[in-house]
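Step one of this worksheet: look at the structure below.
Values in this text are rule-based calculations from the coordinates and carry no lab data. Please read all numbers here as calculations on a predicted model, not as lab measurements. Methodologically, a virtual Cβ is constructed for each residue, glycine included, from the backbone with ideal geometry; neighbour enumeration extends over all protein chains shown.
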Amino acid sequence: MSTTDNSILGLKMPTDPRWVDLASVSLEEILTDHAFCEQKAATQCISLIQLYPEKTELVDALSPVVTEEWGHFRMVWAEMKKRGYALGWQRKDDYVNLLLQHKPKNIVSDERMLHKLIMCALIEARSCERFRLLSEGLEEEYMRNFYYKFMVSEAGHYRLFIDLAEQYFPVGKVRTAWQQWLQIEEVVLKLLAPRGDRMH
């Protein structure tokens, strides 16, 4: 079984199968959105380091991820330039914005850290699933291989955020929060129609 199957990632709801077909005919759009997703991933890791500088293990773990995510942006941008695509403008991420609406309120700082880490893990897991679909469903072999590499990387990042959460919080608490966010994500996905110009 692939380590990126939904059963392994824990995702409650698979991506609508129409998504990869839509993405395949909107390659410039999906690459643009992917490029900005990689930027935001690097920025999120920097933000966590800034928010929790006293968490040495977190700083050590996320510092190289910042470099890796920015390297991913450069890879996507290089592919776009090779194809004669312009980067375009960053788009609103309805998926992430809807998830953020469900962040618990009136909780202590440590609890906020737990939910930030779990949200990062969730977004990485969903990205991993989407990259797997592209690696299997795109017509061009080169692009299938291109997205396979990203799939493997995102699987590692998903696991890293879960491991960090379990380093700072009881395992049972992390698993409860993870299940809560998986249920939230299932609701969010049902609100979103599949779009071939968005990674999420």
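Ignoring everything except DSSP H segments at least 4 long, calculate the 222 nm mean residue ellipticity for the chain; use -39,500 (n - 2.57) per segment, divide by total residues, nearest 500.
That comes out to -25000 deg cm²/dmol.
Ranked by Cβ crowding within 10 angstrom, fewest neighbours first, how are 108, 20 ordered?
Fewest-to-most Cβ neighbours within 10 Å comes out as 108, 20.
Given a cut-off of under 8 Å on Cα pairs at least six residues apart, what relative contact order in percent is computed for the chain?
Result for the chain is 35 percent.
Which of 15, 56 comes first, and how do the rest follow, when ranked by fewest Cβ neighbours within 10 Å?
56, 15
May I ask which residue of 160, 80, 25 lies farthest towards the positive end of the charge dipole of region 20-191, with charges of +1 (Lys, Arg) and -1 (Asp, Glu) on Cβ and the Cα centre as origin?
The residue sitting farthest along the positive end of the dipole is 160.
Ranked by Cβ crowding within 10 angstrom, fewest neighbours first, how are 175, 126 ordered?
The fewest-first ordering by Cβ neighbours comes to 175, 126.
Quick one: if you take sqrt(5λ) for each eigenvalue of the C-alpha gyration tensor of the chain, what semi-axes come out, biggest first, whole angstrom?
Semi-axes from the Cα gyration tensor: 28, 19, 16 Å.
For the chain, with only Lys/Arg (+1) and Asp/Glu (-1) charged at the beta-carbon, what is the dipole magnitude about the Cα centre, in debye rounded to 20?
Dipole of the chain, to the nearest 20 debye: 420 debye.
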